[in-house]
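J.: There's a structure below that I have some questions on.
Computed from the coordinates by the stated procedures, all read-outs in this text should not be read as laboratory data. From a predicted model like this one, the values you see are computed outputs, not experimental measurements. Cβ atoms come from the backbone with ideal geometry, glycine included; neighbour counts cover every protein chain shown.
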Amino acid sequence: MTHSWLKIALTVIIAAFVAAAIYISATIVERQKALREVSRYNVAWAASQAVAELYRLELRLAAFQIPGSAVDKDEVLLRFDILENRAKLLEDGGVKIFTDANPEAGGVVADLAAALHDLEPIMPRIDQPGTVPRVLRRLSPLEASLARFAGDANSYGAAQVADDQRQLLELHWEFSALAAGLAICGFGLIVLLFIQNRLISIAHAELHGMAEDLRAAKDLAEAASEAKSRFLAAMSHELRTPLNAIIGFSELISSERLGPLGQPKYQEFALNVLVSGKHMAELVNDILTAAKLDAGQYELSSEVIDTRQIVGAAVAMIGGAEVAKDRDIVIDPDGDWFCVFADERSIKQMLLNLISNALKFSALDTAVRITASRTPDGELWVTVVDHGIGMTAEQAASAVQPFHQIDNRLARRYEGTGLGLTIVKSMMECHGGRLMVRSEPGQGSRISLVFPPHLHRPEKFAEVA
Amino acid sequence: MKLGFLCRAVTLAAWFTLFAAGPIPFAQADALVQPKEKPILTVSGKIGITNVDGTAQFDRAMLEGLGMVSFTTTTPWYKDPVKFEGVPLAKLMSAVGATGQRIVAIALNDYSAEVPMEDALKYQVLVALKRDGEYMPVRDKGPLFVVYPFDSDPELKAQKFYSRSVWQVSRIEVK
């Protein structure tokens, strides 16, 4: 925050310096131009020219008087014209500033102009006797004053030049100071940027370290989870071997295969062992399936399955079980019973799971319905509907978590691992589909296997075959 | 008609010689006649064509006979832009058969300035007789003003070229 304010302030100062530098350099250029202008030196030059031309005219006049001289009348008149020209220059803008400031000098210019004005009508008759001395008499008083004028003009010009140079020097100083300020500001900005860069790189290094730590923690957690799954799978497998022995031998005992038991109670005990062993085998199988699904080791085959047929098969299988005794299980005859691409064993297991759940958690006098419908966006929903105890939204959400049953009391009433819905959910997700749970407490549940468009064919099985 | 052709030939030759190395020899023109009036310009030095004592002297009519051109330009000497009319320096140099590399323009007060010969071709330097349509008297920077067309090229607006311009010119020496 402080850094950004400092940066803004520095930028503003630098901008101001740059603007001032541009202004100063433009002024310097202007002044140099002005120095180069000829008008600045016109005063001294024009004055010296007037003096020189006055002397030249006087010399020509003197020579003109001498018989046989090379100077003719034209030459004299030409020199007079030149002096006229120089006198006019003294009335020019550049010189006028000087003569206005020096009344004495102004008087000299006026004197020269008056003399030339007086001589103007006489000059064409310069070859007449007596004219030259008359002209010289009129001109000679001007010599001294004009020479003094030239001297003063020269000093004035020199002062002007000195003044210009002083101003120029001042401007140069100002310019140098500005340039130094500019350099300091630039240096400050660079230092600031350097510090900011350092801070950023430190923060970057810290972030990088944190990301490394997080990645390590994640790897560790994943490894732990995998180890747990492996352990579960291995344990379930190991448990099945003695279970098979328990089931097999209790079956042998209860069926009195090798002769009567004698005591009828023993047969009842053996049957209890058999039923418990079978139930335990189911539980172990569930745990094994869940562990495999969790570890991503569950293998699926993909085949074309007629949903109507497989639902029928599942209903037939469950029909013989204790839970389905005296219960109505209705398969919707008008459902959209399309074919799906899926693993037949898994689909059957999922259906058995859902149907047995529906039967377990609903009253004896209510029916369980199984329907199939296709949504407008092409999904196929195979739904098991019951009118049982139902679940709240929170309960529905936790029902799909592993090792979970809504109510511990239920666990006692409806025995199970609490893995049923978790397994169904994981299996559907393995297929690329999903499990949809809609339920209301006291109203019952509608639990659907949802097959996305790419998992089913809009034809019914008869049409495919 | 004949004069027009001559002008074109002379200009062509002048441009051609601009690119030649060494001294610039101007194409030889016709011999000069004698000035009928008082000469206003005397050209001396490295010239091939003369009419009076090894120099080429021109009165106003002779100069005008070389062909007048004009341009309007701003100058450091006048507040407003002025129109100069006169003989192109290049044309004058060819009329006197100049072979030098430098031209020295000398004023009535003996002030002189050097003009490189290539300037005469490159910038259309004028030996002006008239300013704003009037002949320039000695009292007003006459009789001749060697002047550059300052407005035609930004490069010309520099002290270097201002100092090569000379007024009250009466003599030209080719070196």
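J.: Given the rule -39500 (n - 2.57) for each run of at least 4 DSSP H residues, summed and divided by the residues of chain A, what is its mean residue ellipticity at 222 nm, to the nearest 500 deg cm²/dmol?
T.: Using -39500 (n - 2.57) per qualifying helix, the result is -24000 deg cm²/dmol.
J.: I'd like the orientation of helix A:307-319 relative to chain A: the angle between its Cα long axis and the longest Cα principal axis, in ° from 0 to 90, rounded to 10.
T.: 40
J.: How about region B:84-172: which chymotrypsin sites (Phe, Trp or Tyr not before Pro) there are in a DSSP loop, with at most 15 other Cβ atoms within 10 Å of their Cβ? Kindly include the intermediate steps, with their values, before the conclusion.
T.: Details: sites: B:84, B:111, B:123, B:135, B:145, B:150, B:161, B:162, B:167; in loops: B:111, B:123.
Those satisfying the criteria are B:111.
J.: Still on this structure: Among the lysines, select those whose C-alpha is under 28 Å from the C-alpha of residue B:122, and discard any that sit fewer than 8 residues away in the same chain.
T.: Within the straight-line cut-off, residue B:122 pairs with A:33, B:2, B:46, B:79, B:83, B:91, B:130, B:141, B:157, B:160, B:175.
J.: How big is the antiparallel share of DSSP beta bridges in the protein assembly as shown, given as a percent to the nearest 5? Don't skip to the answer; put the middle values down first.
T.: Working: 58 of 65 bridges.
Restricted to the protein assembly as shown, the bridges split so that about 90 percent are antiparallel.
J.: Mind sorting A:231, A:17 by how few other Cβ atoms lie within 10 Å of their own Cβ, fewest first?
T.: A:231, A:17
J.: Next question. Give the lysines whose C-alpha is closer than 25 Å to that of residue A:348, dropping any in the same chain fewer than 8 places away, or say none.
T.: A:278, A:292, A:325, A:360, A:425, A:460
J.: What is the local net charge at residue B:156, summed over the other residues whose Cβ is closer than 12 Å to its Cβ (Lys, Arg +1; Asp, Glu -1)?
T.: 0
J.: Taking every residue in B:103-109, how many Cβ atoms of other protein chains lie within 10 Å of its Cβ, on average? The partial results should precede the final answer.
T.: Details: counts 0, 0, 0, 0, 1, 7, 8.
That average works out to 2.
J.: At most 10 other Cβ atoms within 10 Å and a DSSP loop assignment: could you name the trypsin sites (Lys or Arg not before Pro) in region A:244-292 that fit?
T.: For trypsin sites (Lys or Arg not before Pro) across region A:244-292 that sit outside H, G, I, E and B with at most 10 neighbouring Cβ atoms in 10 Å, the list reads A:257.
J.: Which distance in nm do the two modelled labels at residue A:168 and residue B:80 give, with both placed 7 Å along the Cα-to-Cβ direction?
T.: The answer from the label model is 3.4 nm.
J.: Still on this structure, please answer the following. With the cut-off at 1.5 for a/c, could you classify region A:226-383 from its C-alpha gyration tensor as rounded, prolate or oblate?
T.: Details: a/c = 2.73, a/b = 1.46, b/c = 1.87.
It is oblate, given that a/c is not under 1.5 and a/b is not larger than b/c.
J.: Find, among the GluC sites (Glu not before Pro) in region A:196-301, those assigned to loop by DSSP (not H, G, I, E, B) with at most 11 other beta-carbon atoms within 10 angstrom.
T.: For GluC sites (Glu not before Pro) across region A:196-301 that sit outside H, G, I, E and B with at most 11 neighbouring Cβ atoms in 10 Å, the list reads A:299.
J.: Related question: Summing +1 for each Lys or Arg and -1 for each Asp or Glu, what net charge is found among the other residues whose Cβ lies under 14 Å from the Cβ of residue A:151?
T.: -2
J.: What is the spin-label model distance, in nm, from residue A:92 to residue A:26 if the labels are put 7 Å beyond Cα along the C-beta direction?
T.: About 3.0 nm separates the two model spin labels.
J.: Set Lys and Arg Cβ to +1 and Asp and Glu Cβ to -1, take the dipole of the protein assembly as shown about its Cα centre, and tell me which of A:168, B:174, A:302 lies farthest positive.
T.: Comparing the listed Cα positions along the dipole, B:174 ranks first.
J.: Can I ask one more? Considering every residue in B:134-143, what mean count of other chain Cβ atoms within 10 Å of its Cβ is obtained? If you can, show how the numbers build up before the last one.
T.: Details: counts 0, 0, 0, 3, 9, 9, 4, 2, 2, 2.
Partner Cβ neighbours, averaged per residue: 3.
J.: Which cross-chain or sequence-distant (5 or more) residues have an amide H under 5 Å from the amide H of residue A:388, H modelled 1.01 Å from N in plane?
T.: A:444, A:445
J.: Moving on. Which whole-number percent is the relative contact order of region A:2-194 (Cα, under 8 Å, 6+ apart)?
T.: 39
J.: Where the only charges are on Cβ atoms (+1 Lys, Arg; -1 Asp, Glu), what is the dipole of region A:2-194 about its Cα centre, to the nearest 20 debye?
T.: 400
J.: Rounded if a/c is under 1.5, else prolate if a/b beats b/c, else oblate: with a ≥ b ≥ c from the C-alpha gyration tensor eigenvalues square-rooted, which is region A:266-305?
T.: oblate
J.: Neighbouring Cβ atoms within 10 Å as the yardstick, rank B:102, A:446, A:79 fewest first. Intermediate values should be presented prior to the final figure.
T.: Values: B:102 16, A:446 19, A:79 23.
Ranking B:102, A:446, A:79 by Cβ neighbours within 10 Å, fewest first, gives B:102, A:446, A:79.
J.: Next question, about the same structure. Fewest first, what order do B:155, B:173 take by the number of other Cβ atoms within 10 Å?
T.: B:155, B:173
J.: In debye, nearest 20, what is the charge dipole magnitude of the protein assembly as shown about its Cα centre with +1 on Lys and Arg Cβ and -1 on Asp and Glu Cβ, if you could check?
T.: 1340
J.: Rounding to the nearest 10 and keeping the result within 0 to 90°, find how far the Cα-based axis of helix A:103-119 lies from the longest principal axis of chain A.
T.: Taking the Cα atoms of chain A, the angle to A:103-119 is about 50 degrees.
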